[in-house]
Amino acid sequence: MYYEVLYLHPKNKLFIINLNKMKKGIIILTALFTVVLTAQEKKKEKGSLDSIQKLDEIIISTAAIFGNKYVAKHRTGSAYYLSPAELQKFSFTDVNRVLRSVPGVTIYEEDGFGLRPNISLRGTSPERSSKITLMEDGVLIAPAPYSASSAYYFPTIARMEAVEVLKGSSQVQYGPFTTGGAINMISAQIPTEFGGKVRASYGSFNSNQLHAKIGGGNKNFGYVLEYLNYGSDGFKTLPSGKNTGFNKNDIVAKFGVNLFPNATVQQSLEFKFQYSDEEGNETYLGLSEQDFKTNPFARYASSNEDKMTTDHTQYMLTHKVDFSKNVRLTTTAYQNNFARNWYKLNDVTFNGTKKGIASILEDPTTNADYFNIVNGSVNSAADAIGVKANNRKYYSTGIQTKLDYHWYKGNVFHDLEVGLRYHYDEEDRFQWVDKYSISNAGVMSLTTDAIEGTDANRVSSAKAFASYVTYKVKYNNWTFTPGVRYENITLQREDYGKNDVTRTGANLSTRENSVGVFIPGMGANYKFNNDFSLFAGVHKGFSPPGNQDGQEPEESINYELGTRFNLGGIKGEFVGFFNDYSNLLGSDLAATGGTGSLDQFNAGEVNVSGFELLLNYNFAKKDAKISLPISFGYTFTNTEFQNSFGSANDLWGTVTAGDELPYIPKHQFNAGFSVEHADFEINLNGRFNGEFRTLAGTGNIPDAERVDSNFIVDVSGKYFINKKLSVTANVINLLDNTYAASRVPAGLRPGHPFGIYGGLEFKF
C-alpha cells in the first residue's frame, strides 16, 4: 500500500493511504528503520515541527492508492479514480461497462455479462487480463499472478465502492506487471456509525440481483457485512432449451479494531474475509460466420453439457502502526484460494482424426464433417465429442509491508516510501476428457467416462520477492518522484504425466526458470497555476516470463507526456504515450484459440503509441437546483511489430514487421451525460469500440479475422421517494444493436442485447 500527502493549503494536508505487504523477518528490520527515522524526526527545527503538527490529517482509506479524484489528478503520472458516486450511477455488474469510461483501457467482451473480462492498458495483451496488475484492497487478486496470470477469477464489480486505474511511472510500486498499469478495486469500507442498504432488481432474461450491506463502528471498533447475489437465465438459446445463464454469490466481512487507543504509538488491526462462487452454463464455443448472421444468439447442440463452477476465498489481516504523524508502517498478510472446473466442448473426432473446436470454426466448410457433429445435424460415432474438464486449483499467499516517512523542511516537502513483499502462488491442473456421441436431434450421450487426471496432471508455482523505494519531493510548483522496484522470481513446473494420476512421481518431469530485475521509474509534474499543469514520466515495463528454462521476461521502456487543465469550466487531461518493447511475450491460451498450455513465446520488438483525452463539463450554473454534467473520453492506440516471426501454435498467425498487434482497436471513445436533481437522476452513456483484428496484420482486416466496431448506449435512472427509499431503472444496449464481441475462444459470440431492469434501493 501507500499513502501520499498533498498540501491543499498551508494549514491542511491530505493523507491518502494504501497498503503493501511482507515477510516477518523483513517487518522487524523495517520497524527498526522506522524507529531510527522517528528519532531523526525529533531533531528537526522547531518551526518546521510546529508547522507539521498544526496540519489536519484526513484518512481516506487504508486500501486505496489515491483515495479520491483530487489526488489522482495531482500525481506525476496518469491515474483515474472511479468514485462511489460514479459506480452507483448505473450499478453495473459488468466490469467491462465500468472500465470503458477510463481512457487508455481496452476491453473485448466474451460472454456479454463481464464474467471473464479481457482488459488491456495502453496496448498490453488483453487476453484474460494477464498483463496488468490486478488488486483488490491493495492485494494481488489474480488466482496465481506470477505462475498463471490469466484472471479466470475477477472480483465482482457490483460490490466495489471505488476503482483506481494507475498508469505511468509511479506504477513501479505495484508490480509485477509494470508496462500498462495497475487496477485496484476497493471493497466496502468499515463505517464510523451504524447503517446499511438493501438493493433488489429484476429484469430481462430472468436476471436478478440482491445486494445487502450493514455495518457500524466507533473510534475503537468497526465492522461491515455484505452479501451479493446476481444471476440470469442468459440471452443465448440451446436446442434443448437449457438455461445458458449463471448464478453468483459474494460474501464479504470486515472487522477493525484500534489497539491500545490511549497509547502514544497508535496501532490498528483489520481482518477481511471474502467468499464467492459461480455456477454458469458457459461455453468456449461460438458461431460460424453464416450462423452468426442468421441467429447470433444461438448455441450449437454440442455445447449442451458445458458448465463452469468456481469458488473463491480471501483472507486478509492488516496491521497499521502510526509511530508519529509522519511515520506509518502498514503490513498485510493475505491468502487467496480459487477452484474452478470449466467442463466444456474441446474437440471433435471424425474417422479417427481429432480437431480442436477453434480450428473447426475457423473453416467450417473445409471441416464440414466435423462441423456437422458440432451443430448436431448428424448421428455421430461413439466418442466423437471430447468434453474436457478444465479442472484447476489456485493458491496464492504472501505478506507485504510499506513504510512511509514524510517530512517538511523549509519550503520542500519530502516523502520516502519503502515497500517489501514476499509472495507464493501455484496452479494445480488435474484434468480429463470425457467422450460423447450426438444424435441428429442434438442429444448428447456419454460414451466414455474418463479417469480424472489423464489429460493434464501438473503443478506450476512461483516464489517472488519484490521491493521498491520511491522518493517524492515537492518544491514550489515542481514535484519529482523517482523510484525503483526489484523483482526476484523463481518459477517451477512439476509434470506428473497422464499415466500417474496418483502422483507417485514415477514419471515426474520438472523445469525451472529464475529472473531478477530492477525496474526504475521517474515522474515529474509542474503546476503553472490551479488550472494548468504538465507531467511526464519514463519507466521500465516488465512482465514475468514462463517457467521454461532460460526464457527472458517481457521488457519495455515506457514514456508519457501529458497535461491537466481547466479552460472555461472544461476540465480534462491529454496524455501521449509510447511503449518500446524489446521483448514482447505472447501466451498460449485456450481463451484465444490456443492449446491452453500457458507457455509463453517470444514476439520480439514492438512499438505501441497513442494518446488519451478526457473532458468534463457541467452545463448548469453553480447555484442551480439541477446539475448537467457531461464527459467524453477518447483513446487512440497504434501498434507495430518491428520484426517478423511465426507465432507459437499460429496464435497470431505469421507475423511480418509492420503488422499490428491483434485484439487492440485503434479507436475507442466514451461519452456520458447526466441530469441530477435532489428528487431524481437520469444517466446516459455511449461507448464506441473500434474494429480490431484477431491475427497480426496490416491494412484492411480480412472478414474472417475482423471483429467489427460497435456503438452501445446504456441508460439508468433513479427516483428518490424519500431520503431512504428510491426506485431504480437500467436499460442495457438501448438501441438494441446486435454486434460481435469477439471471435475467440472459438467462433463469433454476441454482446448483450437490449435489456431492461428495475428495482428498489433502501438505505438506513
(request) Determine if region 243-254 includes at least one residue that is over 28 Å from the mean Cα position of the chain (by Cα) and surrounded by 20 or more Cβ atoms within 10 Å (Cβ to Cβ). (result) no
(request) Could you tell me which of the residues Leu695, Leu734, Leu684 is among the hydrophobic types (A, V, I, L, M, F, W, C) and out of contact with any strand residue (DSSP E or B) (no Cβ under 7 Å at 6 or more places or on another chain)? (result) Leu695
(request) Would you check if Lys724 is buried (at least 20 other Cβ atoms within 10 Å of the Cβ), touching a Phe, Trp or Tyr at 6+ places or on another chain (Cβ under 7 Å) and at pLDDT 95 or above? (result) no
(request) Return the pairs, sorted by first residue and then second, in which the second residue is assigned to a loop (DSSP other than H, G, I, E, B), the first residue lies in region 665-679 and is crowded, with 18+ Cβ neighbours inside 10 Å, the beta carbons are less than 7 Å apart, and the residues are 6+ apart or on different chains. (result) Pro665/Gly690; Pro665/Glu691; Gln668/Gly690; Asn670/Arg100; Asn670/Ser101; Gly672/Ser101
(request) Find the residue count for region 692-711, including only residues that are free of Cβ contacts under 8 Å to residues at least 40 places away in the same chain and either β-branched (Val, Ile, Thr) or touching a helix residue (DSSP H, G or I) at 6+ places or on another chain (Cβ under 9 Å) (or both). (result) 2
(request) Could you list, in sequence order, all residues of region 421-474 that are of a type in the set (Val, Ile, Thr) and within 25 Å of Phe518 (Cβ to Cβ)? (result) Val469, Thr470, Val473
(request) Determine if region 202-212 includes at least one residue that is touching a His at 6+ places or on another chain (Cβ under 6 Å) and in a strand (DSSP E or B). (result) no
(message) Would you confirm whether or not region 131-147 contains a residue that is within 21 Å of Tyr230 (Cβ to Cβ), surrounded by 24 or more Cβ atoms within 10 Å (Cβ to Cβ) and touching a helix residue (DSSP H, G or I) at 6+ places or on another chain (Cβ under 8 Å)?
(response) no
(request) Kindly list the number of the only condition in (1) in contact with a Gly (Cβ under 7 Å, 6 or more places away or on another chain); (2) on the phi > 0 side of the Ramachandran plot that fails for Pro191. (result) (2)
(request) Out of Ser147, Ser120, Ser129, Ser125, report the one residue that is on the phi > 0 side of the Ramachandran plot and not assigned by TED's automatic domain parsing to the domain that holds Gly234. (result) Ser129
(request) Test Asn184 against the stated conditions and say whether it is of a type outside the set (Ser, Thr, Tyr) and surrounded by fewer than 20 Cβ atoms within 10 Å (Cβ to Cβ). (result) no
(message) For region 650-668, check the following and say yes or no: at least one residue is of a type in the set (Val, Ile, Thr) and outside any strand (DSSP E or B).
(response) yes
(request) Considering only region 280-298, state which residues are under 21 Å from the mean Cα position of the chain (by Cα) and at pLDDT 95 or above. (result) Gly280
(message) Quick test for you: out of Lys344, Lys393, pick the one residue that is assigned to a strand (DSSP E or B), modelled with pLDDT of 95 or more and under 15 Å from Leu285 (Cβ atoms).
(response) Lys344
(request) Taking Leu403 as the residue in question, decide whether it is in contact with a Leu (Cβ under 9 Å, 6 or more places away or on another chain), assigned by TED's automatic domain parsing to the domain that holds Gln314 and surrounded by fewer than 19 Cβ atoms within 10 Å (Cβ to Cβ). (result) no
(message) Among the listed residues Gly546, Gly633, Gly594, identify the single one that is buried (at least 21 other Cβ atoms within 10 Å of the Cβ) and at pLDDT 95 or above.
(response) Gly633
(request) Of the conditions (1) under 30 Å from Asn529 (Cβ atoms); (2) buried (at least 19 other Cβ atoms within 10 Å of the Cβ); (3) touching a Leu at 6+ places or on another chain (Cβ under 7 Å), Lys474 clears all except one; give me its number. (result) (3)
(request) Quick one: in region 636-664, of everything that is β-branched (Val, Ile, Thr) and under 23 Å from the mean Cα position of the chain (by Cα), which residue is surrounded by the most Cβ atoms within 10 Å (Cβ to Cβ)? (result) Thr637
(request) Give region 347-374 a look and list any residue that's out of contact with any strand residue (DSSP E or B) (no Cβ under 9 Å at 6 or more places or on another chain) and outside any helix (DSSP H, G or I), or say none. (result) Phe350, Asn351, Gly352, Thr353, Asp363, Pro364, Thr365, Thr366
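The values are calculated or read from the model by the stated rules, or taken from the named source; none is laboratory data. Here the structure is a predicted model, which is why all the values come from computation and not from measurement. So basically every Cβ, Gly included, is an ideal-geometry build from the backbone, and we count neighbours across all protein chains shown.
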